[in-house]
Amino acid sequence: MNDAFDFVVLGAGSAGVRAARFAAGFGAKVAIVEAGALGGTCVNVGCIPKKLYVYASEFPADVHDAAFYGWDVSEPTMNFRRLVENKDREIARLNGIYQGLLERAGVTIVSGFGKLLDEERVEVDGRVLHAKHILLATGGRPTRLDLPGSELGIDSNGFFAMKELPRSMVIVGSGYIAVELAMVVAALGVETKLAFRSDRVLRGFDSDIRDALTEALVRQGIALHPHSDFKGFSRAGEKLRVEIEGGEIVADEILHATGRAPLLDGIGLENTRVQRGPSGFVRVNEHFQTDAPTVFAAGDITGGAQLTPVALAEGMYIARHLFAGLKTPPDLKNVPTAVFTSPAIGTVGLCEEDARSHYPNVQIYRSSFRALKLTMSDRQERTLVKLVVDGDSDRVLGCHVVGRDAGEIIQGFAVALRAGATKAIFDSTIGIHPTVAEELVTLREPVS
């Protein structure tokens, strides 16, 4: 067996698979090493199952609205086990697609846990792969607070392994994973509590978005526990207890959603010159090259935006850089993102707070309203659209939407921001009526 390769990739997630496929397409001899299921976090315990669960969670509201449109429908009931079975079937299908893509590209798939012996060799269950170049793309893992009893409860990986819904759940955290899953389980009928240390959810997002989502969480009946000073976790009979300063929060299940960390344990970094930064992420230069010249790193282990499209762009660039001579790294400014809550969030560019810290003359355009579909319903969900504009150059610095299909809307406006579109160009663009998206090209008067 010839185990000499031009390129060995550790991790068959978004960055790793994309890099391996492109490198093979450029004529390189490539091996990819994976101890788990192909597709990484996104396919198996992240974006895909989450979005499927979000779809499931939207049906009760749709059924409720249907009555106002003349449909007589019975109260829906949730068969969670059926949802899980169908989700697992879809993920298995995607695992097979990833395998086929790699095999058709000529990539050697090596199943097992890979460990760096040095900067040119990877050991997988006793088999040694020799590589001219190595890519670390091992992804991330959920973290828990370092407090007594933190082993109790589940994390996001455990959430997608659940076969039955608990009657009640307390979610610890306030980031996008916490709020997305809180809204999912609440819509599926779980008594939901959200506990977090800060005053509001979604730190780092635009303040208006944070306020709008907080209102949506409350409307959905989710009990919020801001300013929670966590002390530990313990059992309370058959239930679980979150211990906070001055009290406790009790539920059938605890979901820990307090962040993610790079998955680097045991991969042999100590056998190389690869260095990690203060937060534990792998240190790389603009070409995603580590301190070991033959070793590169991409995706969630480098400390950048932990988004699947970013990982894909990084993996693709590394392959092109090493095997096609490309020298210009991807431009990761103005990366659009979405939070799949109900209503959803779509955002690209600067939030108002960041814009004001960099530009002296910031203008804000904003509108909040009930979407047309809901005007015949009794649901009070509101839609928010917001533009952040540099008043001196007229350039649109940020675009933010809270509402149904916000992610679909924001993708197109991300192109406009990357092209440097001005507010005047937005104003001169003909909208599509009646849509939410048209509101972004009909905002005429600044609110500040």
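Once R0 is set to 51 Å, what does the formula 1/(1 + (r/R0)^6) return for the Cβ-Cβ distance between Thr294 and Glu90, expressed as a FRET efficiency to the nearest 0.05? Display every interim value, and only then the final one.
Details: r = 38 Å, r/R0 = 0.74.
Once rounded, the FRET efficiency stands at 0.85.
Overall, the anisotropy analysis places the range 357-417 in the prolate class: the square-rooted eigenvalues a ≥ b ≥ c of its C-alpha gyration tensor yield a/c not less than 1.5, with a/b exceeding b/c. Here the Karplus relation 6.51 cos²θ - 1.76 cosθ + 1.60, evaluated at θ = phi - 60°, turns the backbone of the range 331-338 into coupling constants of 7, 9, 8, 6, 7, x, 8, 9 Hz, with x for every Gly and Pro. Once R0 is set to 56 Å, what does the formula 1/(1 + (r/R0)^6) return for the Cβ-Cβ distance between Ala424 and Ala4, expressed as a FRET efficiency to the nearest 0.05? Efficiency, rounded to the nearest 0.05: 0.45.
Of the two radii for the range 253-293, the radius of gyration is 1.12 times the Kirkwood radius, both from the alpha carbons; that is the Rg over Rh value. Amide H to amide H, with H built 1.01 Å from N, Arg276 comes under 5 Å of Arg283, counting only residues 5 or more places away or on other chains. Using 18 Å as the Cα-Cα cut-off, could you pick out the over-long pairs in Lys50/Lys163; Lys51/Lys87; Lys51/Lys239; Lys29/Lys132; Lys50/Lys373? Correct reply: Lys51/Lys239; Lys50/Lys373.
Each label point was placed 7 Å from the Cα along the Cα-to-Cβ direction; for Met376 and Glu215 their separation is 2.5 nm.
Arranged from fewest to most other beta-carbon atoms within 10 Å of their beta carbon, Met316, Met376 become Met376, Met316. Relative to the first principal axis of the alpha-carbon coordinates of the chain, what is the inclination of helix 308-323, with its axis defined by its Cα atoms, in degrees from 0 to 90 and to the nearest 10? It works out to around 30 degrees.
Using Cα-Cα distances under 8 Å and only pairs 6 or more residues apart, what relative contact order does the range 1-125 have, in percent?
Numbers: 149 pairs, mean separation 39.7, N = 125.
Across the range 1-125, relative contact order equals 32 percent.
One chain, two ends: Asp354 and Thr328. Fully extended at 0.36 nm per residue, the span grows by 6.7 nm beyond their Cα-Cα distance. Contact order for the chain, expressed relative to its length and based on alpha carbon pairs under 8 Å spaced 6+ residues apart, stands at 15 percent. When you restrict to C-alpha pairs under 8 Å that are six or more residues apart and normalise by the size of the range 101-254, the relative contact order lands at 19 percent.
Could you work out the local net charge near Asp427, counting Lys and Arg as +1, Asp and Glu as -1, over the other residues with Cβ closer than 14 Å to its Cβ? Kindly include the intermediate steps, with their values, before the conclusion.
Details: positive: Arg395, Lys423, Arg444; negative: Asp394, Glu438, Glu439, Glu445.
Here the count lands on -1.
Can you give the helix-only mean residue ellipticity at 222 nm for the chain, where every DSSP H stretch with n ≥ 4 adds -39500 (n - 2.57) and the sum goes over all residues, rounded to the nearest 500 deg cm²/dmol?
Working: 11 runs with 135 residues, N = 448.
For the chain, the value works out to -9500 deg cm²/dmol.
Considering only DSSP beta bridges whose two residues both sit in the range 156-256, what percent are antiparallel, to the nearest 5?
On the way: 11 of 23 bridges.
Around 50 percent antiparallel, to the nearest 5.
The value given for the chain is a Kirkwood hydrodynamic radius of 23.8 Å, derived from the mean inverse Cα-Cα separation. Helix 14-25 and the longest principal axis of the Cα set of the chain meet at an angle near 50°. Rounded to the nearest Hz, the phi-derived 3J(HN,Hα) couplings of the range 382-390 under the Karplus curve 6.51 cos²θ - 1.76 cosθ + 1.60 (θ = phi - 60°) are 10, 10, 10, 10, 8, 10, 10, 10, 7, where x marks glycine and proline. Extension gain for Ile432 to Phe59 (0.36 nm times residue separation, less C-alpha to C-alpha distance): 131.6 nm.
Among DSSP beta bridges whose residues both lie in the chain, state the antiparallel percentage, nearest 5.
Values: 46 of 76 bridges.
Taking every DSSP beta bridge with both residues in the chain, the antiparallel ones total about 60 percent.
Test of understanding: ordering Leu117, Leu255, Leu52, Leu102 by Cβ neighbours within 10 Å, fewest first, what list do you get?
Working: Leu117 14, Leu255 26, Leu52 17, Leu102 23.
Going from sparsest to densest Cβ surroundings: Leu117, Leu52, Leu102, Leu255.
Summarising the label geometry, the points placed 7 Å from Cα in the beta-carbon direction at Ala305 and Leu101 lie 1.9 nm from one another.
If you take the Cα centroid of the range 265-341 and the Cα centroid of the range 173-217, the two points sit 29 Å apart. Among 335-345, 60-70, 201-211, sorting by the average number of other beta carbon atoms lying within 10 angstrom of each residue, highest first, gives 335-345, 201-211, 60-70.
Distance between the pseudo-spin-label points of Asn285 and Ala161 (7 Å out from Cα toward the beta carbon): 4.1 nm.
Taking one quarter of the surface of the C-alpha convex hull of the range 337-441 gives a mean projected area of 6.5 nm².
Read-outs: derived from the displayed coordinates by stated rules, not from any lab. Since this is a predicted model, take the numbers as computed values, not measurements. Cβ sites come from the backbone with ideal geometry, for glycine too, and all protein chains shown count toward neighbours.
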